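Undergrad: So that we are looking at the same thing, I have put the structure below in structure tokens.
Read the figures in this text as sums done on the coordinates, not as results from a lab. The shown structure was predicted, so the numbers you read here are calculated from the model rather than taken from an experiment. Here Cβ is always computed from backbone atoms with ideal geometry, including for glycine, and neighbour counts include all displayed protein chains.
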Amino acid sequence: MVASNFALSASLSDFEVTTLSQHAVWATFRSMTADPSVKSQKLKPGTVKRIFSYGKPYKTHITIFLLTVIVEALLVVTTPLLLRELIDKA
């Protein structure tokens with residue numbers, strides 16, 4: 001009985017830590033977008049080109065990742081539609 005209470009306590013604390021760390025990331029993001037000096041910043045010419053140059057060696061991996069995300073999104077959308085058809089016409 002004591003062991004199960006300890007396990008429950010440990011899992012709750014892990015959940016709380018995860019929630020707090022996710023909240024901290026979101027709070028940081030929101031603080032950056034709330035700062036007018038950050039919002040008004042313009043990218044210097046060549047910045048986007050330089051960022052893409054960092055990803056150039058990983059072009060194949062990025063392409064596979066994006067295709068996987070697209071296929072997964074299509075599966076998420078089509079599964080309920082297929083189930084609806086199955087239920088309505090069965």
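Undergrad: Hey, how much of the P(r) for the range 42-90 falls beyond 16 Å, as a percent of Cα pairs?
TA: Counting pairs separated by more than 16 Å, the tail of P(r) holds 64 percent.
Undergrad: Tell me which lysines have Cα within less than 29 Å of residue 44's Cα, excluding those fewer than 8 residues away on the same chain?
TA: Within reach: 56, 59.
Undergrad: How many nm is it between the label spots at residue 56 and residue 23, if each spot is 7 Å from the Cα in line with the beta carbon?
TA: With each label placed 7 Å out from Cα toward Cβ, I get 4.5 nm.
Undergrad: Right, something else. Expressed in nm to one decimal, what extension gain is obtained for the pair residue 69 and residue 47 from 0.36 nm per residue of sequence separation less their Cα-Cα distance?
TA: Stretched out fully, the residue 69 to residue 47 stretch lengthens by 5.3 nm.
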